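What follows is calculated from the coordinates using simple rules that are stated; it is not laboratory data. Everything quoted here is computed from the prediction, not taken from an experiment. Here Cβ is always computed from backbone atoms with ideal geometry, including for glycine, and neighbour counts include all displayed protein chains.
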Amino acid sequence: MPTIRVDVEVYKWLECRVRGFDDTPNKILRRIAKLDAKEGEHAKLAEAIRPRGEKTPRQEFRKPLLQVLLRLGGAASRNNVLTELEKVMSDRLTLSDREDIASGDCPSWQKSAEWMVHSLRTAKLLKPVSEGPYGYWILTDQGKAAAKE
C-alpha cells in the first residue's frame, strides 16, 4: 500500500473527523470522499427536505442530541455522541451541513450540534464541563426527563 505524508494541520483536520477507535486516516478520507456510499445517496435525502444551500437549524439538533445521549446511558464522549448523531440525522443533513466550517476544523453540522450542547448546558439539561471527564457530555436528571418526552 502506498504511504503518504501529511503536515500537522492536515493531520489535525483528520483527527477532528475520527468516529471511533478503528477509524484510520484512510477510512476517514474514504468516508469524506463518499467512496463507499452509493453516488449521491446522502445528498438526495437531504435535498428532499431542505434546499441545497440551507443549513439545518440548530434547534433541530436538540431532541436527537438528548435521545442519543440517553441511548448511550446518559453520558458519552463527544466523538461517540457525534458519530451516533450523524447516523440519526443523516436524512436531515444538507450539503451545506456537511461542508467544513471556514477554519476547516470540522463539518458545519458538528458546530451546530456543539452550539446546541452549549444551549443544553445553559438550560441545565446537560452537566457543566467542570462536572465530568474532559470531552464528555452528561445528561442531568432534567435532561433525561426531557429526552424521554
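Using a basic spin-label model with each label point 7 Å from the Cα along Cα→Cβ, how many nm lie between Glu60 and Asp100?
Each label point is offset 7 Å from its Cα along the Cβ direction, giving 2.4 nm.
Across the stretch 59-117, what fraction of all alpha-carbon pairs, as a whole percent, falls in each successive 10 Å bin from zero upward?
All Cα pairs, binned at 10 Å, distribute as 23, 57, 19, 1 percent.
May I ask which of Lys27/Lys144; Lys55/Lys87; Lys12/Lys63 have a Cα-Cα span longer than 27 Å here?
Correct reply: Lys27/Lys144; Lys12/Lys63.
Under 17 Å between alpha carbons, and skipping anything fewer than 8 positions from Lys124 in its own chain: which aspartates and glutamates qualify?
Glu114, Asp141, Glu149
Step by step: find N for the stretch 70-149, compute 2.2 N^0.38 Å, then divide the Cα radius of gyration by it. What's the final number?
With N residues counted in the stretch 70-149, Rg over 2.2 N^0.38 Å equals 1.13.
Using the Kirkwood radius over Cα pairs, work out the Stokes-Einstein diffusion coefficient for the chain at 20 °C and 1.002 mPa s, in µm²/s as a whole number.
Approximately 130 µm²/s, per Stokes-Einstein.
How high is the relative contact order of the chain, in percent, with contacts defined as C-alpha pairs under 8 Å that are six or more residues apart?
So the answer I get is 27 percent.
Among the helices of the chain (complete DSSP H runs), which have Cα atoms covering no less than 15 Å along the helix axis and a Kyte-Doolittle mean of at least 1.0?
none
Gain in length, Thr24 to Arg71, computed as 0.36 nm per residue apart minus the alpha-carbon separation, to one decimal in nm?
Residue separation times 0.36 nm, minus the Cα-Cα distance, leaves 14.3 nm.
Any chance you could run the full-extension gain for Ala123 through Asn79? It's 0.36 nm times the residue separation minus the Cα-Cα distance, nm to one decimal.
13.6 nm
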